[in-house]
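> Here it is: the structure, laid out below.
The values are calculated or read from the model by the stated rules, or taken from the named source; none is laboratory data. All values reported here derive from a predicted model rather than from experimental measurement. Cβ placement follows ideal geometry from the backbone for every residue including glycine, while neighbour counts extend to all protein chains displayed.
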Amino acid sequence: MKSCCNKKHEEIRSPLGKARGLGSSKSGFAHWWSQRITALALIPLSIWLLINIQYMFATSHVQATTWLGQPMNAVGVILFIWLSFYHALLGIEVVIQDYVPKKSSKTIGLLFARFFFVLLGFMSAYAVLQTNFGVDNISFVLDDMHDFPISSK
Amino acid sequence: MRERPLSPHLQIYKPQITSILSILHRATGVALATGLTILCWGLWAMSKGASSYECFQWFIHSPIGILMLLGWAWALCYHLLNGIRHLFWDMGYGFNMTVVNASGWVVIVFSFLLAGFFILPVIF
(Lines give C-alpha, C1' and ligand atoms only; values in the text may rest on other atoms or scores of the structure.)
Protein backbone atom coordinates (compact mmCIF):
# COMPACT_ATOMS: atom_id res chain seq x y z
CA MET A 1 0.00 0.00 0.00
CA LYS A 2 1.13 3.54 -0.70
CA SER A 3 2.03 5.84 2.09
CA CYS A 4 -0.73 8.26 1.12
CA CYS A 5 -3.02 6.97 3.88
CA ASN A 6 -1.95 8.62 7.07
CA LYS A 7 -4.68 7.32 9.29
CA LYS A 8 -4.10 3.83 10.53
CA HIS A 9 -7.73 2.61 10.31
CA GLU A 10 -7.86 3.38 6.61
CA GLU A 11 -4.84 1.20 5.96
CA ILE A 12 -6.37 -1.72 7.78
CA ARG A 13 -9.42 -1.92 5.51
CA SER A 14 -8.63 -3.92 2.39
CA PRO A 15 -9.55 -2.52 -1.07
CA LEU A 16 -12.24 -5.22 -1.31
CA GLY A 17 -13.68 -4.20 2.04
CA LYS A 18 -13.84 -0.58 0.87
CA ALA A 19 -15.48 -1.51 -2.41
CA ARG A 20 -18.10 -3.79 -0.89
CA GLY A 21 -21.55 -2.28 -0.73
CA LEU A 22 -20.51 0.76 -2.76
CA GLY A 23 -21.79 -0.47 -6.13
CA SER A 24 -25.21 0.09 -7.59
CA SER A 25 -26.28 -3.43 -6.70
CA LYS A 26 -26.72 -3.55 -2.93
CA SER A 27 -29.32 -6.21 -2.33
CA GLY A 28 -30.28 -6.24 -6.00
CA PHE A 29 -28.54 -9.46 -6.81
CA ALA A 30 -30.63 -11.51 -4.38
CA HIS A 31 -33.78 -10.03 -5.95
CA TRP A 32 -32.57 -10.81 -9.47
CA TRP A 33 -31.49 -14.32 -8.50
CA SER A 34 -34.77 -15.14 -6.70
CA GLN A 35 -36.66 -14.08 -9.80
CA ARG A 36 -34.65 -16.56 -11.92
CA ILE A 37 -34.93 -19.42 -9.42
CA THR A 38 -38.72 -19.02 -9.12
CA ALA A 39 -38.92 -18.73 -12.94
CA LEU A 40 -37.05 -22.01 -13.36
CA ALA A 41 -39.29 -23.83 -10.88
CA LEU A 42 -42.41 -22.33 -12.47
CA ILE A 43 -41.62 -23.85 -15.90
CA PRO A 44 -42.65 -27.44 -15.01
CA LEU A 45 -45.30 -26.23 -12.53
CA SER A 46 -47.03 -24.00 -15.10
CA ILE A 47 -47.05 -26.74 -17.72
CA TRP A 48 -48.48 -29.14 -15.13
CA LEU A 49 -51.14 -26.58 -14.17
CA LEU A 50 -52.07 -25.93 -17.81
CA ILE A 51 -52.47 -29.66 -18.43
CA ASN A 52 -54.67 -29.96 -15.34
CA ILE A 53 -56.61 -26.70 -15.58
CA GLN A 54 -59.61 -28.50 -17.09
CA TYR A 55 -59.84 -30.75 -14.02
CA MET A 56 -59.06 -28.04 -11.52
CA PHE A 57 -61.80 -25.74 -12.77
CA ALA A 58 -64.06 -28.54 -13.97
CA THR A 59 -67.72 -27.73 -14.35
CA SER A 60 -69.01 -29.55 -11.28
CA HIS A 61 -67.95 -28.78 -7.74
CA VAL A 62 -67.61 -32.48 -6.92
CA GLN A 63 -65.23 -33.07 -9.84
CA ALA A 64 -63.11 -30.04 -8.96
CA THR A 65 -62.82 -30.87 -5.25
CA THR A 66 -62.11 -34.52 -6.06
CA TRP A 67 -59.22 -33.41 -8.22
CA LEU A 68 -57.92 -30.98 -5.59
CA GLY A 69 -58.43 -33.67 -2.94
CA GLN A 70 -55.63 -35.78 -4.42
CA PRO A 71 -52.59 -35.14 -2.17
CA MET A 72 -50.09 -34.48 -4.97
CA ASN A 73 -52.51 -32.17 -6.76
CA ALA A 74 -52.98 -30.12 -3.59
CA VAL A 75 -49.21 -29.99 -3.05
CA GLY A 76 -48.69 -28.94 -6.68
CA VAL A 77 -51.27 -26.17 -6.46
CA ILE A 78 -49.83 -24.87 -3.17
CA LEU A 79 -46.33 -24.92 -4.67
CA PHE A 80 -47.61 -23.08 -7.74
CA ILE A 81 -49.34 -20.51 -5.52
CA TRP A 82 -46.25 -19.93 -3.39
CA LEU A 83 -43.84 -19.56 -6.32
CA SER A 84 -46.13 -17.65 -8.66
CA PHE A 85 -47.15 -15.09 -6.03
CA TYR A 86 -43.48 -14.64 -5.09
CA HIS A 87 -42.44 -14.35 -8.75
CA ALA A 88 -45.30 -11.92 -9.43
CA LEU A 89 -44.32 -9.76 -6.47
CA LEU A 90 -40.68 -9.63 -7.61
CA GLY A 91 -41.77 -8.62 -11.13
CA ILE A 92 -44.27 -6.00 -10.00
CA GLU A 93 -41.63 -4.52 -7.68
CA VAL A 94 -39.29 -3.99 -10.64
CA VAL A 95 -42.10 -2.42 -12.68
CA ILE A 96 -42.97 -0.03 -9.83
CA GLN A 97 -39.29 0.85 -9.34
CA ASP A 98 -38.95 1.57 -13.06
CA TYR A 99 -42.09 3.59 -13.75
CA VAL A 100 -43.02 5.41 -10.54
CA PRO A 101 -40.77 8.48 -10.42
CA LYS A 102 -41.87 10.03 -7.09
CA LYS A 103 -40.10 8.50 -4.13
CA SER A 104 -43.06 8.58 -1.72
CA SER A 105 -45.46 7.02 -4.26
CA LYS A 106 -42.83 4.44 -5.09
CA THR A 107 -42.44 3.40 -1.45
CA ILE A 108 -46.21 3.23 -0.93
CA GLY A 109 -46.62 1.24 -4.15
CA LEU A 110 -43.93 -1.25 -3.14
CA LEU A 111 -45.49 -1.67 0.30
CA PHE A 112 -48.97 -2.11 -1.14
CA ALA A 113 -47.75 -4.68 -3.70
CA ARG A 114 -46.04 -6.69 -0.98
CA PHE A 115 -49.08 -6.68 1.32
CA PHE A 116 -51.43 -7.47 -1.57
CA PHE A 117 -49.54 -10.49 -2.91
CA VAL A 118 -48.75 -11.94 0.51
CA LEU A 119 -52.42 -11.63 1.53
CA LEU A 120 -53.70 -13.16 -1.71
CA GLY A 121 -51.12 -15.94 -1.60
CA PHE A 122 -52.05 -16.92 1.94
CA MET A 123 -55.77 -16.77 1.10
CA SER A 124 -55.23 -19.12 -1.87
CA ALA A 125 -53.14 -21.59 0.12
CA TYR A 126 -55.69 -21.51 2.95
CA ALA A 127 -58.46 -22.26 0.47
CA VAL A 128 -56.64 -25.36 -0.81
CA LEU A 129 -56.15 -26.60 2.76
CA GLN A 130 -59.79 -25.80 3.60
CA THR A 131 -60.96 -27.88 0.63
CA ASN A 132 -58.84 -30.79 1.80
CA PHE A 133 -59.16 -30.68 5.59
CA GLY A 134 -62.15 -28.35 5.88
CA VAL A 135 -65.48 -28.11 7.67
CA ASP A 136 -66.73 -31.61 6.89
CA ASN A 137 -63.68 -33.27 8.34
CA ILE A 138 -63.59 -31.00 11.38
CA SER A 139 -67.28 -31.58 12.24
CA PHE A 140 -66.50 -35.26 11.96
CA VAL A 141 -63.74 -34.83 14.54
CA LEU A 142 -66.05 -32.76 16.78
CA ASP A 143 -68.67 -35.52 16.71
CA ASP A 144 -66.04 -37.89 17.97
CA MET A 145 -65.07 -35.49 20.72
CA HIS A 146 -68.54 -35.67 22.30
CA ASP A 147 -67.59 -39.11 23.46
CA PHE A 148 -64.90 -37.65 25.67
CA PRO A 149 -66.13 -36.80 29.18
CA ILE A 150 -64.01 -33.60 29.22
CA SER A 151 -66.19 -31.93 26.55
CA SER A 152 -69.39 -32.31 28.61
CA LYS A 153 -67.92 -30.98 31.90
CA MET B 1 -31.95 25.30 -14.62
CA ARG B 2 -31.70 24.85 -18.36
CA GLU B 3 -33.91 22.16 -19.88
CA ARG B 4 -31.87 19.01 -20.22
CA PRO B 5 -31.95 17.02 -23.46
CA LEU B 6 -34.04 13.84 -23.20
CA SER B 7 -33.00 10.53 -24.66
CA PRO B 8 -35.37 9.27 -27.37
CA HIS B 9 -38.29 7.32 -25.92
CA LEU B 10 -40.45 4.41 -27.06
CA GLN B 11 -42.55 6.27 -29.64
CA ILE B 12 -39.44 7.49 -31.49
CA TYR B 13 -38.20 4.03 -32.36
CA LYS B 14 -39.40 1.85 -35.20
CA PRO B 15 -41.15 -1.23 -33.75
CA GLN B 16 -38.90 -4.28 -33.94
CA ILE B 17 -39.50 -7.88 -32.92
CA THR B 18 -36.93 -7.52 -30.13
CA SER B 19 -38.51 -4.46 -28.55
CA ILE B 20 -42.11 -5.61 -29.05
CA LEU B 21 -41.45 -8.98 -27.44
CA SER B 22 -39.62 -7.31 -24.56
CA ILE B 23 -42.56 -4.98 -23.92
CA LEU B 24 -45.00 -7.89 -24.22
CA HIS B 25 -43.02 -9.86 -21.64
CA ARG B 26 -43.55 -7.12 -19.11
CA ALA B 27 -47.16 -6.54 -20.10
CA THR B 28 -48.07 -10.23 -19.86
CA GLY B 29 -46.21 -10.41 -16.54
CA VAL B 30 -48.33 -7.61 -15.07
CA ALA B 31 -51.50 -9.14 -16.55
CA LEU B 32 -50.68 -12.56 -15.09
CA ALA B 33 -49.96 -11.02 -11.69
CA THR B 34 -53.40 -9.41 -11.80
CA GLY B 35 -54.93 -12.67 -13.02
CA LEU B 36 -53.70 -14.45 -9.89
CA THR B 37 -56.61 -12.68 -8.17
CA ILE B 38 -59.01 -14.80 -10.24
CA LEU B 39 -57.11 -17.99 -9.38
CA CYS B 40 -57.41 -17.02 -5.71
CA TRP B 41 -61.14 -16.44 -6.15
CA GLY B 42 -61.59 -19.83 -7.86
CA LEU B 43 -59.78 -21.73 -5.11
CA TRP B 44 -61.63 -19.74 -2.44
CA ALA B 45 -65.01 -20.44 -4.05
CA MET B 46 -64.13 -24.12 -4.31
CA SER B 47 -63.43 -24.29 -0.59
CA LYS B 48 -66.70 -22.49 0.29
CA GLY B 49 -68.95 -25.09 -1.31
CA ALA B 50 -71.04 -25.84 -4.38
CA SER B 51 -73.08 -22.62 -4.51
CA SER B 52 -70.08 -20.26 -4.38
CA TYR B 53 -68.34 -22.45 -6.91
CA GLU B 54 -71.31 -22.17 -9.27
CA CYS B 55 -71.03 -18.38 -9.05
CA PHE B 56 -67.37 -18.60 -10.05
CA GLN B 57 -68.21 -21.04 -12.87
CA TRP B 58 -70.89 -18.68 -14.13
CA PHE B 59 -68.32 -15.88 -14.35
CA ILE B 60 -65.72 -18.08 -16.07
CA HIS B 61 -68.25 -19.14 -18.72
CA SER B 62 -69.66 -15.66 -19.28
CA PRO B 63 -68.36 -13.85 -22.40
CA ILE B 64 -66.02 -11.66 -20.32
CA GLY B 65 -64.82 -14.71 -18.40
CA ILE B 66 -64.06 -16.65 -21.57
CA LEU B 67 -62.21 -13.65 -23.00
CA MET B 68 -60.17 -13.36 -19.79
CA LEU B 69 -59.48 -17.11 -19.77
CA LEU B 70 -58.24 -17.02 -23.36
CA GLY B 71 -56.12 -13.96 -22.59
CA TRP B 72 -54.78 -15.60 -19.43
CA ALA B 73 -53.83 -18.81 -21.27
CA TRP B 74 -52.03 -16.93 -24.04
CA ALA B 75 -50.30 -14.59 -21.60
CA LEU B 76 -49.11 -17.55 -19.50
CA CYS B 77 -47.84 -19.48 -22.54
CA TYR B 78 -46.13 -16.41 -23.95
CA HIS B 79 -44.52 -15.42 -20.65
CA LEU B 80 -43.46 -19.05 -20.09
CA LEU B 81 -41.82 -19.46 -23.51
CA ASN B 82 -40.27 -16.00 -23.60
CA GLY B 83 -39.13 -16.55 -20.01
CA ILE B 84 -37.21 -19.62 -21.15
CA ARG B 85 -35.66 -17.42 -23.87
CA HIS B 86 -34.66 -14.93 -21.18
CA LEU B 87 -33.13 -17.67 -19.01
CA PHE B 88 -30.95 -18.74 -21.94
CA TRP B 89 -29.80 -15.14 -22.37
CA ASP B 90 -29.01 -15.02 -18.63
CA MET B 91 -26.73 -18.01 -19.16
CA GLY B 92 -25.08 -16.24 -22.07
CA TYR B 93 -26.58 -18.13 -25.00
CA GLY B 94 -28.56 -16.98 -28.02
CA PHE B 95 -27.37 -13.39 -28.42
CA ASN B 96 -26.60 -13.75 -32.12
CA MET B 97 -29.12 -11.54 -33.98
CA THR B 98 -30.35 -14.32 -36.28
CA VAL B 99 -30.92 -16.55 -33.23
CA VAL B 100 -32.68 -13.71 -31.37
CA ASN B 101 -35.07 -13.14 -34.28
CA ALA B 102 -35.67 -16.84 -34.87
CA SER B 103 -36.32 -17.63 -31.18
CA GLY B 104 -38.64 -14.63 -31.08
CA TRP B 105 -40.78 -16.01 -33.88
CA VAL B 106 -40.76 -19.48 -32.32
CA VAL B 107 -42.07 -17.94 -29.09
CA ILE B 108 -44.86 -16.08 -30.90
CA VAL B 109 -46.08 -19.08 -32.90
CA PHE B 110 -45.86 -21.62 -30.07
CA SER B 111 -47.51 -19.29 -27.54
CA PHE B 112 -50.69 -19.33 -29.63
CA LEU B 113 -50.51 -23.08 -30.33
CA LEU B 114 -49.91 -24.00 -26.68
CA ALA B 115 -52.60 -21.65 -25.37
CA GLY B 116 -55.17 -23.02 -27.81
CA PHE B 117 -54.22 -26.60 -27.05
CA PHE B 118 -54.64 -26.19 -23.30
CA ILE B 119 -57.55 -23.80 -22.96
CA LEU B 120 -59.98 -24.91 -25.66
CA PRO B 121 -60.94 -28.12 -23.74
CA VAL B 122 -61.82 -25.94 -20.73
CA ILE B 123 -64.15 -23.68 -22.70
CA PHE B 124 -65.89 -26.34 -24.78
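> When you scan segment B:53-70, how many residues do you find that are surrounded by fewer than 16 Cβ atoms within 10 Å (Cβ to Cβ), in a helix (DSSP H, G or I) and not aromatic (F, W, Y)?
Qualifying residue count, segment B:53-70: 6.
> How many residues does segment A:49-108 hold that are over 30 Å from B:S52 (Cβ atoms) and hydroxyl-bearing (S, T, Y)?
Going through segment A:49-108 one residue at a time, the tally reaches 4.
> Of the conditions (1) on the phi > 0 side of the Ramachandran plot; (2) more than 10 Å from chain A (Cβ to nearest Cβ), B:G49 fails just one. Which one is it?
(2)
> Another one. Taking helices (runs of 4 or more DSSP H) that do not extend beyond segment A:1-66, which have at least 2 residues that are modelled with pLDDT of 90 or more?
In segment A:1-66, the matching helices (runs of 4 or more DSSP H) lie at A:28-56.
> Among residues belonging to segment A:95-113 that are in a helix (DSSP H, G or I) and of a type in the set (A, V, I, L, M, F, W, C), point out the one that is nearest to the chain's Cα centre (by Cα).
A:A113
> Go through segment A:58-73 and give me each residue that's over 13 Å from A:T131 (Cβ atoms) and surrounded by 13 or more Cβ atoms within 10 Å (Cβ to Cβ).
A:A58, A:T59, listed by residue number.
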